[in-house]
Amino acid sequence: MRLAQLPQEFVGAQPILTTLEGAGYEAYFVGGSVRDTILGKPIHDVDIATSAYPEEVKALFKRTVDTGIEHGTVMILDHGTGYETTTFRTESGYQDYRRPDKVTFVRHLEDDLKRRDFTINALALRQDGEVIDLFDGLADLKAGVIRAVGDPEDRFGEDALRMMRAVRFASQLNFDIETKTLAAIKDHAHLLSQIAVERIHDEFVRMMLGTAAHRGLSLMIQTKLADYCPGLVGHTIDLSTIATVRQLAPANEVEVWTMVAFHLGLSYPDTVEFLQAWKTANHIIKAANQALHLAYAQQYHGVTKQLLFAMNADTIEAGTNVARMSGYGPDDPNKWLNVYQDLPIHDSHELALTGADLIKRAGLKPGPEVGDILQKVQNAVITEKVANDGETLIKYVQDNLLTDDDSSKTK
Ligand code: ATP
Ligand code: MG
């Protein structure tokens, strides 16, 4: 196969391939960008592989950075944007089912492509547009199949993260996992427990954000990979419910985790613990917990203005989307966002009454009662029982919120 035209991202990197080839080395575009180009999808990172050893690469360019020199990766900055170039290599000795003990630089493209995970990721592209396809990756791309390069049993035994990558690609590309590859994942699912949670987290979120997340999730259940993820063992039925959601399309990581916590029926403290076990970033945990409040409120006890006030536009959107995907409405996707935007205030600081006003004007003594009354005033403003105006609020407090005891003090 020969591509008539290279995407712009590749064109910018062509001088690098030209320089390497001019010096007698081989150089190709490799990895996900080749796969995505053939699929007609936008590409993000351009990876270049070359037969030149790292020191040989560095000798050919003026400005380079050793971004991963021990793995053979050098960033070349001579042509504006940096381009990462990696020497052909083989990997061996996966003692711990994750990282190779040894990386060996080699001169042949075939050896480099052999160590790659799936046939669709083992294509190389020459700068003249010719696609080098040693493992029938093009046929698999066409058929929509994820197939391990070589013996799948060996490949997942070497690096257990590849199993999560398989389900992630199945979701992102809406592809099937080939039969033997799938069987090997079932056999090796338990090895996932050897992999750092952060790396599983990354693949899981990308899987859930893929266009066929239902497929990825079903594969995780079917292969039992889910049983080796934090907090998911014993939750097959809950996960299946998510997988059967007709329009499963979380828009971001917060929605992914809110969706999972909602269907697992987790309490707020359990959600925090669950997400911490997944090594989720704190700001995501906080946002997911807020969104979860809205989703549960929508399902059970109704959404109040006070709840919306305690949230922000992003978490309201996330909570609404999760409730809607799960079949709990509201019909209008902007319903809660509109209510939120129409609230008279969006922050306690906007309240036209302070504790000091209460002490000075309503004769209250400093103490917990001040806070309690402010809270009541805030609720009254949020629910539009009273206008957010200083004088009106003082009067509202005097008429409605002071006990006889307090009032006697004002007299
Ligand atoms: P994307 O960047 O869209 O997530 P990608 O295929 O480019 O997809 P990367 O993680 O960027 O994935 O890896 C680049 C390439 O390196 C892959 O296409 C694959 O050839 C190879 N690769 C990455 N991770 C592994 C792995 N765990 N085992 C074997 N090969 C891998
Ligand atoms: Mg990539």
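Which one of 235, 190 is open to solvent by 80 Å² or more (accessible area, probe 1.4 Å) and over 20 Å from the mean Cα position of the chain (by Cα)?
From the options 235, 190, the qualifying one is 190.
Let's see how each residue does on (1) more than 30 Å from residue 3 (Cβ to Cβ); (2) assigned by TED's automatic domain parsing to the domain that holds residue 18:
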residue: 137; (1), (2): no, yes
residue: 155; (1), (2): no, no
residue: 160; (1), (2): yes, no
residue: 172; (1), (2): no, no
residue: 175; (1), (2): no, no
residue: 182; (1), (2): yes, no
residue: 194; (1), (2): yes, no
residue: 197; (1), (2): yes, no
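Can you name the residue in segment 113-129 that is more than 9 Å from ligand 1 (Cβ to nearest atom) and not basic (Lys, Arg) and, of all such residues, is most open to solvent (accessible area, probe 1.4 Å)?
Here the answer is 128.
Which of (1) within 26 Å of residue 159 (Cα to Cα); (2) open to solvent by 20 Å² or more (accessible area, probe 1.4 Å); (3) touching a His at 6+ places or on another chain (Cβ under 8 Å); (4) not acidic (Asp, Glu) does residue 180 not meet, given it meets every other one?
(3)
If you go through segment 12-30, how many residues are more than 13 Å from ligand 2 (Cβ to nearest atom) and open to solvent by less than 20 Å² (accessible area, probe 1.4 Å)? So that I can check it myself, show each step before the final result.
Going through segment 12-30, the residues more than 13 Å from ligand 2 (Cβ to nearest atom) turn out to be 12-28.
Adding the requirement that they be open to solvent by less than 20 Å² (accessible area, probe 1.4 Å) leaves 13, 16-17, 20, 27.
The total comes to 5.
What pairs come out if I take residues in segment 45-65 that are assigned by TED's automatic domain parsing to the domain that holds residue 127 and pair them with residues that are within 16 Å of ligand 2 (Cβ to nearest atom) and open to solvent by 40 Å² or more (accessible area, probe 1.4 Å) whose C-beta lies under 8 Å away, six or more apart or interchain?
45/84; 46/9; 46/84; 47/84; 48/84; 64/75; 65/75
Could you grab me the full set of residues in segment 80-104 that are open to solvent by 60 Å² or more (accessible area, probe 1.4 Å) and at pLDDT 95 or above?
Across segment 80-104, the qualifying residue is only 84.
Within segment 47-71, track down each residue that is at pLDDT below 95 and open to solvent by less than 20 Å² (accessible area, probe 1.4 Å).
Answer for segment 47-71, where residues must be at pLDDT below 95 and open to solvent by less than 20 Å² (accessible area, probe 1.4 Å): just 68.
Assess whether residue 225 counts as being under 23 Å from residue 273 (Cα atoms), crowded, with 17+ Cβ neighbours inside 10 Å, within 16 Å of ligand 2 (Cβ to nearest atom) and in contact (Cβ under 8 Å) with a residue 40 or more places away in the chain. Can you show your working first?
Numbers: under 23 Å from residue 273 (Cα atoms): yes; crowded, with 17+ Cβ neighbours inside 10 Å: yes; within 16 Å of ligand 2 (Cβ to nearest atom): no; in contact (Cβ under 8 Å) with a residue 40 or more places away in the chain: yes.
When the stated conditions are applied, residue 225 does not pass them.
Hey, among 173, 134, which residue is of a type outside the set (S, T, N, Q), more than 9 Å from ligand 1 (Cβ to nearest atom) and within 25 Å of residue 249 (Cα to Cα)?
Values: 134 fails: within 25 Å of residue 249 (Cα to Cα).
Going through 173, 134 in turn, the sole match is 173.
Go through segment 169-191 and count every residue that is closer than 22 Å to residue 136 by Cβ and part of a helix (DSSP H, G or I).
Final tally of qualifying residues: 11.
Is it true that residue 17 is away from ligand 1 (no atom under 16 Å from the Cβ), in a helix (DSSP H, G or I), under 25 Å from residue 141 (Cβ atoms) and more than 26 Å from the chain's Cα centre (by Cα)?
On the way: away from ligand 1 (no atom under 16 Å from the Cβ): yes; in a helix (DSSP H, G or I): yes; under 25 Å from residue 141 (Cβ atoms): yes; more than 26 Å from the chain's Cα centre (by Cα): yes.
Yes: the conditions hold for residue 17.
When residue 5 is evaluated against the numbered criteria (1) in contact (Cβ under 8 Å) with a residue 24 or more places away in the chain; (2) part of a strand (DSSP E or B); (3) surrounded by fewer than 19 Cβ atoms within 10 Å (Cβ to Cβ), which criterion, by number, is the only one it fails?
Only one criterion in (1) in contact (Cβ under 8 Å) with a residue 24 or more places away in the chain; (2) part of a strand (DSSP E or B); (3) surrounded by fewer than 19 Cβ atoms within 10 Å (Cβ to Cβ) is unmet by residue 5, namely (2).
The values are calculated or read from the model by the stated rules, or taken from the named source; none is laboratory data. Quick caveat, the model's predicted, so the values are computed rather than measured. Quick reminder, even Gly has a Cβ in these numbers, built from the backbone with ideal geometry, and neighbours come from all protein chains shown. Keep in mind that these areas ignore ligands, DNA and RNA; they rest on the heavy atoms of the full protein, side chains included. Shrake-Rupley method; radii C 1.70, N 1.55, O 1.52, S 1.80 Å.
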